[in-house]
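The block underneath contains the structure these notes are about, expressed in structure tokens.
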Amino acid sequence: MKKILIADDEKNMRWILGKNLKSDGFNVIEASNGEEAFEFFIDQEPDMVILDYRMPDIDGMEVLRRIKTINDKVPVIMVTAHGSTDAAVEAMKLGAIDYISKPFDIEELKLAIRKALNIEELNNTIEYLKKQVIEAYDKRIIGSSKRMQDIFEMIDKVADTNATVLITGETGTGKELIAHALHNKSARRDKPYITVNCGAIPETLLESELFGYEKGAFTGASNRKLGRFDRAQGGTLFLDEIGELPLSLQVKILRVLQEREFERVGGTEVIKADIRIISATNRDLEKQVVEGKFREDLLYRLKIIPIEIPALSERKEDISLLVEFFIDKYAMEMNKGHVKIAEDALAILMQYNYPGNIRELENIIERLVILALDGEITVPILPKEVIKGAYSKKDDFILPDEGISLEVVEESFVRQAIEMAKGNQTHAAKLLGISRHALIYRIEKYKIM
């Protein structure tokens, strides 16, 4: 049952409103003055407030102002016999959802109440869905390794600050996911999150894309255009591939970081920048500083908080978790039902080095889910380059956290060696580093041929 607070110094008005709203199934709280209304609002936490403009002690406008400092989401309808355009405008500016003048039709007020409560429910639904999207997005950052746990801890520490963050790592390691997580966990989460790929926009267009331009700034500039900095106001600007930024623009980015202001191309107005900047690169910026390709002062400003994401080959203990995540993701997208992976196939995926990092692993799993027969990913459908890459390494075999049957691995390797050798037992034995007699023993043991 929705709870409505009625605040009016006229007893008869409270009685009429209370009777009508109770008959419609609402729980009604009555206050006879401004101070009482605010006390009841704090104690009773109503779902909605109907507030008279003129009341003893403190007027309705002041009560509205106080209510909105406590909870700016609760809908408030302002009611008064002293209606004026100025009062209506002020009430709406302070956050009132509607403004009704006395005398009024009770059905008109009921309609306004239902509309306000519907808007509140819609806003609550939107907030819930936004939270779900944020949680789902953040769940894409997967890792139980020490390196990733350290990164998660760092995100929690610095997310709700305005400190600049420089995320470094190879292509495909998930730098944008980290940037988005920093935004989602910050106080700016409800404000814009704007991304710019500095390497994807031609240098001649990059300045106007970042800072916008004024009408007449150049041929073809028939109207003012807001840039990414304008659009990110109050929120976060993610500068991806910051190492591709030309020197001519680096000094302008530095000004934003130092002075918290910028100007549009062709303009003279100085615009204050309320923006948190996160940047990312797969380049060695320190090396670029030495080579004169990147400003040292800008680098220091960008990396107040540095976060380095390890390559997938440096956190192989996370591969099985990622494989499971991507299998579930693509099985659901493709309506494939439950898809599992054979132990020997997972063992090979654990051994591969992934030069393209998580992005490459995701692409491989998407392909395997498509090709999976009877809901299982097996060795024969693994990409040949993955199998060869796994075999070519001299590193220790990576044992999955959940363990694995040694016989399953051995049988799989024997089958693959015979397949790669096209049935030539001498060649297959050489691939496995065993004698031909030892190979024949295993062929008979596993009934392979």
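Quick notes
- Residue identified as free of Cβ contacts under 8 Å to residues at least 60 places away in the same chain and either among the basic types (K, R) or surrounded by fewer than 13 Cβ atoms within 10 Å (Cβ to Cβ) (or both) among R276, R228: R228
- Test: V270 is of a type in the set (V, I, T) and without any contact (Cβ under 8 Å) to a residue 24 or more places away in the chain: yes
- Which listed residue is basic (K, R) and under 30 Å from F325 (Cβ atoms), from R231, R224, R147: R147
- Condition check for L17: outside any helix (DSSP H, G or I) and of a type outside the set (F, W, Y): no
- If the condition is being surrounded by 14 or more Cβ atoms within 10 Å (Cβ to Cβ) and of a type in the set (G, A, S), then segment 212-221 contributes G212, A217, A221.
- Members of segment 22-32 found to be surrounded by fewer than 16 Cβ atoms within 10 Å (Cβ to Cβ), assigned to a loop (DSSP other than H, G, I, E, B) and without any contact (Cβ under 8 Å) to a residue 60 or more places away in the chain, listed by number: G25
- Segment 255-266 - residue that is basic (K, R) and in a loop (DSSP other than H, G, I, E, B) and, of those, nearest to E214 (Cα to Cα): R264
- The residues listed here are E317, E269; of these, the one that is surrounded by fewer than 17 Cβ atoms within 10 Å (Cβ to Cβ) and either at pLDDT below 95 or not in a helix (DSSP H, G or I) (or both) is E269.
- Within segment 282-305, the residues that satisfy the criterion of being of a type outside the set (A, V, I, L, M), surrounded by 14 or more Cβ atoms within 10 Å (Cβ to Cβ) and outside any helix (DSSP H, G or I) are N282, R283, K293, F294, R295, K303.
- Per-region count, segment 219-248, residues of a type in the set (V, I, T), over 12 Å from L298 (Cβ atoms) and not in a loop (DSSP other than H, G, I, E, B): 1
- Set side by side, the residues I341, I327 differ, and just one is touching a residue at least 40 places away in the same chain (Cβ under 8 Å) and either under 25 Å from I387 (Cα atoms) or among the basic types (K, R) (or both), which is I327.
- Across segment 216-247, the qualifying residues are those that are in contact with a Cys (Cβ under 8 Å, 6 or more places away or on another chain) and under 22 Å from G267 (Cβ atoms), and the one among them that is modelled with the lowest pLDDT is L245.
- Answer residue from segment 176-211, given it is assigned to a strand (DSSP E or B) and surrounded by fewer than 19 Cβ atoms within 10 Å (Cβ to Cβ) and is nearest to the chain's Cα centre (by Cα) among those: T195
- Residue check for V251: of a type outside the set (S, T, N, Q) and either touching a Phe, Trp or Tyr at 6+ places or on another chain (Cβ under 9 Å) or part of a loop (DSSP other than H, G, I, E, B) (or both): no
- Verdict on G235 being within 27 Å of the chain's Cα centre (by Cα) and either of a type in the set (G, A, S) or surrounded by fewer than 19 Cβ atoms within 10 Å (Cβ to Cβ) (or both): yes
- Checking each residue of segment 53-72 against the condition of being more than 21 Å from M1 (Cα to Cα), among the hydroxyl-bearing types (S, T, Y) and buried (at least 22 other Cβ atoms within 10 Å of the Cβ) gives at least one match.
- The single condition among (1) touching a strand residue (DSSP E or B) at 6+ places or on another chain (Cβ under 6 Å); (2) buried (at least 20 other Cβ atoms within 10 Å of the Cβ); (3) β-branched (V, I, T) that T173 does not meet is (1).
- Residues in segment 41-71 that are touching a residue at least 40 places away in the same chain (Cβ under 8 Å), in contact with a strand residue (DSSP E or B) (Cβ under 9 Å, 6 or more places away or on another chain) and part of a loop (DSSP other than H, G, I, E, B): E45, P46, D47, R54, M55.
- Among the residues listed as K2, K19, K11, the single one being surrounded by fewer than 18 Cβ atoms within 10 Å (Cβ to Cβ) and closer than 18 Å to I97 by Cα: K2
- Annotation: D57 fulfils all but one of (1) over 30 Å from D190 (Cα atoms); (2) out of contact with any helix residue (DSSP H, G or I) (no Cβ under 6 Å at 6 or more places or on another chain); the unmet one is (2).
The values are calculated or read from the model by the stated rules, or taken from the named source; none is laboratory data. All values reported here derive from a predicted model rather than from experimental measurement. Methodologically, a virtual Cβ is constructed for each residue, glycine included, from the backbone with ideal geometry; neighbour enumeration extends over all protein chains shown.
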